[in-house]
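Notes to accompany the following structure.
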Amino acid sequence: MNADLIVFDNVSRFYGDVLGVNNVNLSVPPGITSLVGPNGAGKTTLMNLMTGLIRPTRGNISVLGVRPNQPDELFRLVGYCTQFDTFPKGMTGFDFVKSFLLIHGFDDLDAERRAWESIDRVNMRDAANRRLAAYSKGMRQRMKLAQALSHSPRVLVLDEPLNGLDPMARAETIALFEALGAQGVHVIVSSHILHEVDRISDQVILLSQGYVVAEGAIESVRGEVKDHPIQIVLRCDNPRAVAARLFEDDNIVEVGIHKDRQGLLIRTLDVDAMYLLLNRIILEVGIEVESVAPADEDVNSVYQYLIGAEGATV
Amino acid sequence: MAVYKKTYRSYEGRMTPEWSRFFVLTRYAWEDLRRRRFFTIFFLGTMTWPIICALGIYIRHNLSALELMGIRAASMVKIDSSFFLAFLGVQCMFAFFLNSFVGPGLVSPDLANNALPLYLSRPFSRTEYVLGRMSMLLILLSLMTWIPGEFLFGLQSYLEGWDWFKANVGLAWGLFAGSGVWIVFLALLSLSVSAWVKWKPVAGGLLFGLFFVAAGFGQAINAVLRTKWGNLINISNLVGSIWVSLFNKPLESGSGAVFFRIARGEEIPVWMCWVSLGLICLFCLWLLGRKIRGVEVSR
Amino acid sequence: MNVATQPPVIELDNLVVKLGDRLILKKLTGSFSGRAVGLLGPNGAGKSTLINTLLGFHKPFSGTARVFGHDVRTHARQVRSLIGYMPENDSFIADMPGIRFVRMMAELSGLPPAEALERSHEAFFFTGLGEVRYRNIGTYSLGMKQMAKLAQAIAHGPRLLFLDEPTNGLDPPARLRMLQLIKEIRDRGDLHIIISSHLLRDVEECCDEVLILKNGNIAASCNLEAERRANRNFLEIETRGADESFVAHIEQLGCRAAWGGNGRIKLVMPEGLEVRRIYQLASDRSVQIRRLNRKRDSLEDIFLKAMEEPANGSV
C-alpha cells in the first residue's frame with residue numbers, strides 16, 4: 001500500500017529556532033493534490049522535504065516507499081519545478097532540459113529523445129533552440145516544467161507552476177496535469193488561485209503557520225467543518241415568501257439577505273433535506289428561480305473558515 | 001453626528017511648478033545622505049585643509065604673530081596661483097573620494113530595483129532625472145572645492161586690499177572654472193558608471209580603477225610607443241593641464257597640484273585636453289542615455 | 001457632467017508600434033470609456049507594449065494613441081500627469097521607508113510637500129498597510145510590495161490607473177483585498193482603471209470592458225455588462241439523485257439538454273418555458289437541484305473563441 005503513497009509520519013522541520021513545519025501527518029495518494037496556504041505557511045518547506053532537498057528535524061518521510069536516505073532512487077522518482085525564475089547562463093531551452101537528463105544518467109540519444117518529448121508536451125518546440133534569457137516569463141515557466149517532466153517521474157512537485165502563464169497556456173498546463181493525474185502520477189501543486197485549485201484538484205492540503213490544518217477531498221473537508229453550517233445562495237423573484245416558508249423548517253439555521261441584496265443566503269444543518277424542501281417551496285409558492293448555488297463548498301470558503309485573514313498583508 | 005469613511009479621493013489642489021521638480025530628487029538624496037554618519041564625518045574632515053590654508057593666510061598677514069613664531073614673512077609661502085592650485089589639488093582629490101562614495105548610491109539602486117518606470121511614468125523626463133541626481137553631486141562637490149576656495153580668496157583680498165584684488169581676480173576665476181570642470185566631469189562619470197554597474201561597491205571600485213588604470217595605461221603607451229600621446233587618457237594629467245591654463249600660466253611651469261601633476265616634457269596642448277575630456281563626457285552622456293529608460297528594449 | 005462631451009479614456013487610431021525592426025502592434029483601432037477595462041492576451045500579444053506606448057515609453061511608428069484626448073506622441077507629459085502606473089515587476093527603492101518612497105513619488109508628480117505627505121498616508125491607509133509604512137521597503141514581503149506599488153500609483157490622484165498583473169504572487173487573503181480595492185476604486189467613477197492580467201476570473205470580476213490582443217492585433221473587444229444581461233435561456237444545473245433518464249424527461253419538455261457527468265446538466269430552454277417546470281420534474285422524482293445558473297458566455301468562452309478566430313485590427 002505504501003508503494004502508492006507519499007507518507008509523512010510526524011514530520012517536523014525547524015531552521016534553527018524558526019518553524020518550517022510542525023507535526024505533519026500526511027498520506028498523499030496519486031492524482032492532483034493542491035497545497036494551499038498563506039505565504040510563509042510552510043508550503044515550500046513541505047515541498048523541499050518531499051523532494052529530499054532537506055531532511056526533517058524529526059519524523060519519517062517515505063515517497064512511494066523510498067526514503068530520503070536513498071537519494072539515488074528518490075531523485076529518479078521525483079521531478080521538482082521551483083518557484084524561482086533563475087537559470088544557468090547562456091543556455092538554450094533544449095540544452096537546459098537535456099543537460100539535466102544527462103545528469104540523470106541517460107545516454108546522449110535517449111536524453112535527446114526524452115528532451116524533445118518533454119518539450120513537445122509543454123508546446124515549446126518552436127522556441128527550444130533560443131536562449132533562455134530571451135524567453136518571456138511564461139515561456140521560462142513552461143521550460144521549467146518540461147525539465148521537471150523529462151525523466152518521467154512518478155511524483156511531480158510544482159511550486160506555483162501557472163505563474164505568468166496566459167489563459168491558454170494555463171488551460172493547456174492544467175490539461176497536462178489532469179492527464180498525468182489520470183496516469184497515476186502524484187502531482188503536487190501549490191497555488192494561490194483558489195478557483196483553479198477547486199477545478200483541478202482531487203484533494204487539498206491546507207497549511208497555516210507550519211501546521212496542516214486540513215487535508216482531503218474538498219467536499220469531505222467542507223463537511224467536516226462542523227462549526228460552519230452549509231450555506232446556499234438562492235436568487236429568485238420572491239425571496240421573502242421563500243424565507244417565510246424556510247423559517248418553518250427545523251433544520252434551517254439562518255436565512256439572510258445576501259450582501260448584494262439580490263438573493264437569500266440560507267444556512268442549514270441538513271443539506272439534502274433542505275434541497276428537497278426548496279424544491280417543494282419553489283413549486284408551492286410559485287416563484288421563478290434565477291439561480292441556486294452552494295456558497296461555500298469550495299476551497300475559498302474552507303480557506304476563509306480555517307485560515308482566515310491571518311498572514312494577510314499588515 | 002456623522003460617520004466618515006476613509007477612502008480614495010482625487011486631488012484638486014495646488015501643483016508645484018514643473019521646472020522645479022527635478023530638485024525633489026536632490027532634496028531627498030541630500031536628506032538620505034545626511035543620515036549616514038560616515039558621510040558627515042568625512043565631509044567635515046575635508047574642511048580641514050581649507051581651514052589650515054585660511055590660518056596660513058591669516059598668519060602671513062599678521063606680522064606680530066609671525067614674529068612671535070620667529071618666522072620671517074618673506075620665507076613663508078606666497079599666496080598666489082601656486083598656492084591656490086595646491087589647494088585645489090588637495091580638495092579635488094577629496095572630492096574624488098567623496099564622489100566614489102556617494103555617486104554610485106544615486107543611480108545603481110534605482111536600476112537594480114527597477115524604479116525607473118515609476119519615475120518616468122510621471123510628468124518627469126530622463127533629463128530631469130539626471131539633472132536631479134547630478135545636482136546632488138554638483139552641490140556637494142562645490143561645497144568642497146571652489147566655495148571654500150573663493151572664501152580663501154575673499155579672505156586674502158580683504159587682508160591685502162583692493163589693489164591686490166584687482167590684480168588677482170583671475171585667481172577667483174581659475175578656482176571656479178577649474179573646480180567646475182572637475183566636478184562636472186566627476187559627476188557625469190560616476191552617474192554613468194553607476195548606471196551600468198548595478199552593485200554599489202563595484203561601481204565605486206570601478207571609479208577608482210578608471211583613474212589609476214587610465215593613468216597606468218597612459219604611461220605604458222608612452223613608454224612602449226615612445227610618445228607623449230598616452231597622456232591623453234591620463235585624466236589627472238588632462239585636468240592638471242586645463243587648470244594651469246585657466247590660471248593663465250604656461251604649461252611648462254607645472255601645476256604644482258599634488259595628484260594632478262603634468263608630466264614634465266610631455267605636455268599636450270591645452271585644446272586637446274579639452275577635447276579629450278569633452279569626448280569622455282559625451283561618452284558618459286551616451287551611456288546614461290542608453291540605461292536611463294522606462295523600459296529596456298532587448299533586441 | 002455630460003458624458004458625451006468627455007473624450008474617451010483611450011482612443012487608438014491605426015496605431016502601429018515597432019521595437020527595433022519587429023512589428024509589435026499592428027494598426028490597432030478602438031475607443032474605450034469603461035470604468036475598468038481589462039487587457040488580455042497570450043504572452044507576446046503586445047499587452048506590455050501597448051501599455052508602455054500609452055505611458056510614452058515607446059514612440060508610435062504610425063497612427064495615433066490618445067489618452068483623455070491627449071496624443072501620446074506629442075503630449076506625453078500631459079498624459080503622464082493624468083495617470084498612475086503599477087508595474088508588474090518588482091519596482092521600488094530599497095533603502096527608503098515606504099511612506100518616504102510614496103511621498104517622493106507624489107512630489108515628483110507635482111504635489112507640494114505637505115499635501116504629498118498627507119496623501120501618502122491616505123494611500124497607505126487605503127491599501128491597508130499600517131505600521132509597515134515606516135519600515136524600509138527592502139524588508140517588505142511580496143504582498144506588501146504590491147500594495148506599496150498601488151499606493152504610489154494612486155497617491156497623486158490620477159484619472160487613469162494602469163495595473164499590470166496586480167494580484168501577482170499574492171496569497172488568497174491578499175488577493176481578495178487587492179480585488180476589493182480595485183472594485184472600490186472602480187465604483188467611485190472618477191478614476192478609470194486598465195488591468196492587464198492572465199487571470200480571467202479577476203478581470204471578469206472587476207472589469208466592464210475587455211480588450212483581447214493576439215499577435216499585435218485586436219482579437220476581440222466586448223462590453224461585459226452587455227454580455228451579462230444577454231443569454232438568459234441557457235441553464236446549467238447540478239443535481240443529486242438524477243441520472244440520464246432525467247435528461248430525457250427534460251427534453252420532453254421541449255429543451256435541448258446534455259448530461260455532463262457527475263450530475264451536471266446543461267440545457268437550453270425554449271421560449272416561454274419556466275424554470276418551475278424543471279423543478280416540478282425534479283420534485284416528482286426526488287431529485288435535488290443543488291446548483292442552478294443562467295449560463296452566459298463567460299469571459300473564458302469569449303477568450304477562447306477570440307483565440308481561435310483570425311484577428312483583425314479593429315473593434
Under 28 Å between C-alpha atoms, the lysine pairs in chain B lying 8 or more places apart or on different chains count 6
Estimated dipole of the protein assembly as shown in Debye, rounded to 20 [Cβ of Lys and Arg +1, of Asp and Glu -1, Cα centre]
3220 debye
Here the whole-number average of other chain Cβ atoms within 10 Å per Cβ of C:70-78 is 1
Euclidean distance of C-alpha centroids, segment C:83-141 and segment B:229-246, integer Å:
46 Å
Once you average over the residues of C:163-176, how many Cβ atoms of partner chains fall within 10 Å of each Cβ?
6
Cross-link reach from C:LYS26 to aspartates and glutamates, straight Cα distance under 19 Å and at least 8 residues apart if same chain, gives C:GLU11, C:ASP13, C:ASP71, C:GLU308, C:GLU309
Taking every DSSP bridge whose two residues both lie in chain C, the antiparallel percent to the nearest 5 is 70 percent
Could you point to the residue in A:ILE230, A:TYR211, A:ALA175 farthest towards the positive end of segment A:155-282's charge dipole, with +1 and -1 charges on the Cβ of Lys/Arg and Asp/Glu respectively?
A:ILE230
Once the piece of chain linking C:VAL268 and C:SER31 is laid out straight, how much longer is it, given 0.36 nm per residue of separation minus the C-alpha distance between them?
81.9 nm
Karplus-derived 3J(HN,Hα), 6.51/-1.76/1.60, for each residue of segment A:197-208, Hz, glycine and proline x:
4, 3, 5, 9, 7, 7, 9, 10, 10, 9, 10, 8
Here FRET efficiency (C-beta to C-beta, B:ARG27 to A:GLU290, R₀ 60 Å, nearest 0.05) is 0.55
Report the antiparallel proportion of the DSSP beta bridges in the protein assembly as shown as a percent, rounded to a multiple of 5.
65 percent
Assign unit charges at the C-beta atoms only (+1 for Lys and Arg, -1 for Asp and Glu), then state the dipole size of chain B relative to its Cα centre in Debye, rounded to the nearest 20.
1200 debye
Helix A:167-182 sits off the longest principal axis of the Cα atoms of chain A, rounded to the nearest 10 on a 0 to 90 degree scale, by 80 degrees
Counting as exposed only GluC sites (Glu not before Pro) in DSSP loop states with no more than 16 other Cβ atoms inside 10 Å, the longest exposed-site-free span of chain B is B:13-265
So, in nm, how far is label C:ASN136 from label A:GLU117 when the simple model puts each one 7 Å beyond its Cα toward the Cβ?
5.0 nm
Can you figure out the FRET efficiency of A:ARG131 with A:ARG55, using R₀ = 41 Å and their beta-carbon distance, to the nearest 0.05?
0.70
Going through the cross-link list A:LYS137/C:LYS47; C:LYS47/C:LYS214; A:LYS144/C:LYS145; A:LYS89/C:LYS47; C:LYS183/C:LYS305; C:LYS214/C:LYS305, which pairs have a Cα-Cα distance over 20 Å in this structure?
A:LYS144/C:LYS145; A:LYS89/C:LYS47; C:LYS183/C:LYS305
Applying the gyration tensor rule to the Cα atoms of the protein assembly as shown (axes a ≥ b ≥ c; rounded if a/c under 1.5, else prolate if a/b exceeds b/c, else oblate), the class is prolate
Which FRET efficiency, nearest 0.05, do A:LYS89 and B:LYS166 yield, Cβ-Cβ r, R0 60 Å?
0.35
When Lys and Arg each count +1 and Asp and Glu each count -1, what net charge do the other residues less than 12 Å away from C:ILE137, Cβ to Cβ, add up to?
+3
So in chain A, what percent of DSSP beta bridges are antiparallel if you round to the nearest 5?
65 percent
Against the longest alpha carbon principal axis of chain C, how many degrees, from 0 to 90 and to the nearest 10, is the axis of helix C:299-308 turned?
80 degrees
Computed ³J(HN,Hα) along segment B:105-112: with the Karplus parameters 6.51/-1.76/1.60, θ = phi - 60°, integer Hz and x for glycine or proline, the list is x, 7, 10, 3, x, 4, 6, 5
Mind ranking B:VAL275, A:VAL233 by accessible surface for me, highest first, 1.4 Å probe?
B:VAL275, A:VAL233
From other protein chains only, count the Cβ atoms within 10 Å of every residue's Cβ in C:54-63, then give the mean.
2
Of C:LEU142, A:ASN163, A:PRO38, which is farthest along the charge dipole of the protein assembly as shown in the positive direction, counting Lys and Arg as +1 and Asp and Glu as -1 at C-beta?
C:LEU142
Can you pull the accessible area of C:HIS75 for me, 1.4 Å probe, Å² to the nearest 10?
70 Å²
Rounded to the nearest 10 degrees, what's the angle between the helix B:169-196 long axis and the longest principal axis of chain B, both from Cα atoms, 0 to 90?
40 degrees
What is segment C:6-52 by shape, rounded, prolate or oblate, if you read a ≥ b ≥ c off the alpha carbon gyration tensor as root eigenvalues and call it rounded for a/c under 1.5, prolate for a/b larger than b/c, and oblate otherwise?
oblate
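The values are calculated or read from the model by the stated rules, or taken from the named source; none is laboratory data. Keep in mind the model is a prediction, meaning the values are calculated, not measured. Cβ atoms come from the backbone with ideal geometry, glycine included; neighbour counts cover every protein chain shown. The protein model used for the area step is the full one, side chains on, heavy atoms only, and it has no ligands, DNA or RNA in it. Shrake-Rupley method; radii C 1.70, N 1.55, O 1.52, S 1.80 Å.
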